[in-house]
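See structure below.
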């Protein structure tokens with residue numbers, strides 16, 4: 001299908017384990033791959049499988065422009081991390097290579113206040129809340145709306161800087177904590193949502209946007225800060241039909257009005273008996289890798305389509321939009337293996353056993369032996385994620401428990417330092 005891409009040259013920004021999936025897919029398509037960042041080769045999985053690599057930081061725009069010219073690069077790809085997107089956009093602009101989005105779209109996707117404003121203007125429901133720059137604003141919101149509340153920096157991701165506050169005595173410290181993670185000095189304060197959580201994804205090509213997946217998310221919450229990380233997802237969501245009937249058209253209109261025309265778009269929302277309440281989005285390949293499920297279910301390879309767009313400026317001829325349908329006939333799950341913060345991984349075994357199971361679609365590791373598990377309630381504590389298919393009458397907890405028992409993740413003293421959370 002992608003014979004037109006054979007021997008084209010793709011520059012991939014970043015070299016992490018997740019980024020390596022881009023390199024693998026591109027090589028399968030006959031594309032010549034070049035990876036660059038300043039990560040050492042020994043801890044750079046994508047560099048180890050690329051056709052060529054550089055140890056140049058992609059934040060050095062002049063050097064990137066020079067590299068693009070010298071290597072006769074046809075296209076640029078990256079994903080999985082919001083902080084990469086600014087440099088991806090700038091390099092594409094400086095070199096004239098295809099970029100699936102522009103500054104406005106990436107601003108909406110990475111700045112929670114921009115996203116919230118875009119939703120409100122298009123009638124897409126959001127969590128009740130306000131953008132604030134001073135403590136007095138937080139205090140006023142809480143005295144009017146009550147507790148508990150969530151505070152989060154408008155310009156950060158991965159649950160960094162997110163904190164729950166349950167009473168006025170703790171508000172000042174919570175505000176200071178959230179503000180310390182914001183480069184622009186602005187925080188969102190919102191009503192704490194104690195209800196179900198849903199995620200959706202869309203695929204766009206040449207201005208056409210189609211709902212692609214829906215899933216019900218389970219959340220692991222830090223008892224200390226109240227911040228959270230997605231720990232388990234089931235596809236399709238039990239709310240799929242209701243979502244389509246109530247808000248899907250409004251979300252698509254919001255995306256179109258704001259110039260989203262290409263690529264993968266993901267959004268998260270809370271849901272209760274009254275409404276959906278959108279809280280966040282990303283405009284990039286996401287760590288959940290739901291595009292793999294679309295490929296398994298319908299044979300639509302969204303990652304390959306993104307690579308084609310990067311190299312040619314279009315993927316519309318190879319996208320069968322009529323096949324995009326979130327109401328999967330099979331059930332899928334994404335299970336995250338979560339680590340106990342502060343522990344150093346001394347032993348990590350069992351991945352091969354898991355991958356031998358025909359129902360396992362993908363296993364991604366974000367941590368390796370020697371890595372220290374990061375802060376509680378953030379993506380920095382996630383050791384890896386496993387995507388798998390299961391039957392509708394399965395005991396989901398038992399399946400997840402069985403997966404965990406096949407893994408050995410221990411510290412230097414032989415203590416298990418990993419757990420799962422699916423309820």
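Coordinate-derived values only; no laboratory data. Since this is a predicted model, take the numbers as computed values, not measurements. So basically every Cβ, Gly included, is an ideal-geometry build from the backbone, and we count neighbours across all protein chains shown.
Can you sort 162, 31, 238, 187 so the residue with the fewest Cβ neighbours within 10 Å comes first?
Ordered by Cβ neighbours within 10 Å, fewest first: 238, 162, 31, 187.
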Segments 268-275, 118-125 sorted - mean Cβ within 10 Å per residue, highest first: 118-125, 268-275
Gyration tensor verdict on region 7-99 (Cα atoms; rounded if a/c is under 1.5, prolate if a/b is larger than b/c, oblate otherwise): rounded
Antiparallel content of DSSP bridges confined to the chain, in %, to 5: 85
Extension gain (nm, one decimal) between residue 3 and residue 273, 0.36 nm per residue minus Cα-Cα: 92.3 nm
Footprinting exposure proxy for 293, 10, 171 (fewest neighbouring C-beta atoms within 10 Å first): 171, 10, 293
Inter-probe distance in nm under a simple model that places probes 7 Å from Cα toward Cβ, at residue 28 and residue 94: 3.2
Set of region 122-146 residues, backbone N closer than 17 Å to the point 7 Å along the Cα-Cβ line of residue 181: 130-133
Spacing of the two label points (7 Å from each Cα toward its C-beta) at residue 323 and residue 250, in nm: 3.2
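Based solely on its DSSP helices, what 222 nm [θ] is calculated for the chain when runs of n ≥ 4 H residues each add -39,500 (n - 2.57) and the sum is averaged over all residues, nearest 500 deg cm²/dmol?
Calculated at 222 nm, the ellipticity per residue is -8500 deg cm²/dmol.
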